[in-house]
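Report on the structure given below.
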Amino acid sequence: MLFSKSLIPILKNNPSEAKIKSHQLMLRTGMIKQSSAGIYSWLPLGFKIMKKIENIVREEQNKILAQEILMPTIQSSEIWKESGRFDDYGEEMLRIKDRQNREMLYGPTNEELVTDIFRSSVKSYKSLPQLVYHIQWKFRDELRPRFGVMRCREFFMKDAYSFDLTDNDAFFSYNKFFLSYLRTFKRLELSAIPMAADTGPIGGNLSHEFIILAETGESKIYTDKDIFDVNFQDTSLDKSSLESLRKKYDHYYSVTDEKYNEVDFNSNVKKENQLITKGIEVGHIFYFGDKYSKPMQASVDINGKKEYVKMGSYGIGVSRLVGAIIEAKYDDKNELMCWPTKIAPYHCAIIPLINKNDKSSLDKAMNISKVLKNNKIDTIIDDTDESLSAKMKKFNLIGIPFQIILGKKSEGELIEFKKVGDDIQKIDLKEIIKIINKEL
Ligand code: P5A
């Protein structure tokens, strides 16, 4: 891709309405554009990143054998009346009337809709467990949308749902998602800590929020520092391994604001281990038994008896993650952003020195780009006539992890190359491919 032909509307300065780094940077580098309060268009840079995050989330859902579906954004109010949440959900729900005067709504979440699909599709306990997920836009009419994509009104969520026969089986499903979330956030190079949390309008009595530490986060957290050392990498997907992993995490006092109790905190966590800080909620999982299946009559037959299925739901804020990763990775001191290479909008920026009379650098850039493409490395060539240093600064801001600089110092086989934040080195293309591929 040539920079001059791309839709990357970079602003000269940080927009004054943005209070936190991720919001500033996303607007400044043209990743998103606000269309109305808490509602954004995703332009190519931001969209590419979000799609790559979405794909990692999807791969990890598929690994626990959750099945992908796609439910609509617009729902009928009928099913919400059945569950009793039509009134409970309050003003956060965007209610709409169609031309027949039917009450519709823009889904803030999908427990009812998926329960409706389940009750008309699954009859036998032999089909359990059922794990399904979709990745779809949600709308919540937040009172105070703020911080860009972190708390907006329209946002992109991965939401999954599990259906089981017994509580015990349902905890197994819950634990599969628990591990899957740890793995997902790890692949995104985030350290997300599961914390006991309130269940709010989703309901139930078991829930964990997955929180990454960030000063700009909206969640206040109280935790034992040792929880960061729990190792989940080698956990397999069988029932007992998952149970012991959950136990390892739950052993540590680690809660959000709503669950905090000073006496418990002090008696469970040694003073030197206490960490009170802020974080961003990037995922949230719930177990709520028959809260929806009972009023909505979602049951299976077992030995001639009707049994209401036991359900859980599991959310990841896919669009929020774009902002959350900036908050976690931005280097304030040096004004540098570096996306994890796997989700960077381009893996490498090629920066030729453009001279009116001499296009040889640009030709060289095009050739290098082709070779990199054949090696699955995605590039953007900056063919504008800005100075080399201005171009490098621009890509430091956007956070493209690698840069190839084709100025006077790149001669013959040896090319100037750098990773954001590191020094320039002079190496050949083969070496460059090796270095980038290691991070993919
Ligand atoms: C779980 C899946 C649910 O809605 N129902 C289906 C459950 N949970 S949740 O905690 O309310 O939301 C899941 C994740 O979505 C993100 N999120 C948001 N992102 C941006 N703007 C918002 N206004 C917003 N609200 C929720 C969070 O990452 C949350 O963990």
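The values are calculated or read from the model by the stated rules, or taken from the named source; none is laboratory data. Everything numeric here is computed off the predicted structure, so don't read it as measured data. Positions of Cβ are generated from backbone atoms using ideal geometry, with glycine treated the same way; all protein chains shown enter the neighbour counts.
Observations, loosely collected:
- Which numbered condition Lys126 fails, given (1) within 13 Å of the ligand (Cβ to nearest atom); (2) loosely packed, with under 11 Cβ neighbours inside 10 Å; (3) not β-branched (Val, Ile, Thr): (1)
- Every pair of residues 6+ apart whose Cβ atoms lie under 6 Å, when the first sits in segment 149-162 and is within 15 Å of Met71 (Cα to Cα) while the second is among the β-branched types (Val, Ile, Thr) and near the ligand (Cβ under 7 Å from one of its atoms): Lys158/Ile316
- Residue in segment 223-241 that is touching a Ser or Thr at 6+ places or on another chain (Cβ under 9 Å), of a type in the set (D, E, K, R), within 16 Å of the ligand (Cβ to nearest atom) and farther than 30 Å from Glu439 by Cβ present: no
- Cβ separations smaller than 7 Å between residues 6+ apart or across chains give the following pairs from segment 165-191 residues that are more than 18 Å from Tyr133 (Cβ to Cβ) to residues that are of a type in the set (Val, Ile, Thr) and surrounded by fewer than 24 Cβ atoms within 10 Å (Cβ to Cβ): Leu165/Val300; Leu165/Ile302; Leu190/Ile212; Ser191/Ile212.
- Filtered by the rule that a residue be assigned to a strand (DSSP E or B) and within 11 Å of the ligand (Cβ to nearest atom), segment 288-322 gives Phe288, Met311, Gly312, Ser313, Tyr314, Gly315, Ile316, Gly317.
Let's see how each residue does on (1) hydroxyl-bearing (Ser, Thr, Tyr); (2) closer than 27 Å to Lys186 by Cα:
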{"position": "Lys19", "(1), (2)": "no, no"}
{"position": "Gln61", "(1), (2)": "no, yes"}
{"position": "Thr73", "(1), (2)": "yes, no"}
{"position": "Glu91", "(1), (2)": "no, no"}
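- Criterion: surrounded by fewer than 16 Cβ atoms within 10 Å (Cβ to Cβ) and not in a strand (DSSP E or B) - qualifying residue of Lys52, Lys33, Lys19, Lys48: Lys19
- Residue tally, condition under 15 Å from Met311 (Cβ atoms), of a type in the set (S, T, N, Q) and out of contact with any Asp or Glu (no Cβ under 8 Å at 6 or more places or on another chain), over segment 189-215: 2
- Condition check for Ser41: without any contact (Cβ under 8 Å) to a residue 60 or more places away in the chain, touching a strand residue (DSSP E or B) at 6+ places or on another chain (Cβ under 9 Å), closer than 29 Å to Ile351 by Cβ and of a type outside the set (A, V, I, L, M): yes
- Condition met for Arg187 (away from the ligand (no atom under 15 Å from the Cβ), closer than 24 Å to Glu327 by Cα and not aliphatic (A, V, I, L, M)): yes
- Top-ranked residue in segment 135-181 [being of a type in the set (Ser, Thr, Tyr) and crowded, with 22+ Cβ neighbours inside 10 Å; ranked as nearest to the ligand (Cβ to nearest atom)]: Tyr161
- Only residues that are in contact with a helix residue (DSSP H, G or I) (Cβ under 8 Å, 6 or more places away or on another chain) and either buried (at least 23 other Cβ atoms within 10 Å of the Cβ) or not acidic (Asp, Glu) (or both) were counted in segment 381-398, giving 5.
- Filter result for Asp378 (surrounded by 24 or more Cβ atoms within 10 Å (Cβ to Cβ), at pLDDT 95 or above and under 18 Å from Phe3 (Cα atoms)): no
- Lys278 vs. criteria away from the ligand (no atom under 16 Å from the Cβ) and either part of a helix (DSSP H, G or I) or among the basic types (Lys, Arg) (or both): no
- Of all residues in segment 327-341, none are at pLDDT 95 or above, within 16 Å of the ligand (Cβ to nearest atom), assigned to a helix (DSSP H, G or I) and surrounded by 24 or more Cβ atoms within 10 Å (Cβ to Cβ).
- In segment 182-199, of all residues being touching a His at 6+ places or on another chain (Cβ under 7 Å) and surrounded by 22 or more Cβ atoms within 10 Å (Cβ to Cβ), the one that is farthest from Leu275 (Cα to Cα) corresponds to Ala197.
- Within segment 100-114, residues that are in contact (Cβ under 8 Å) with a residue 12 or more places away in the chain have Cβ atoms under 6 Å from residues that are aromatic (Phe, Trp, Tyr) in these pairs: Tyr106/Phe139; Glu111/Tyr292; Glu112/Trp80; Val114/Tyr161, counting only partners at least 6 apart in sequence or on another chain.
- For Ile302, the conditions (1) over 16 Å from Ser207 (Cβ atoms); (2) at pLDDT 95 or above all hold with the exception of (2).
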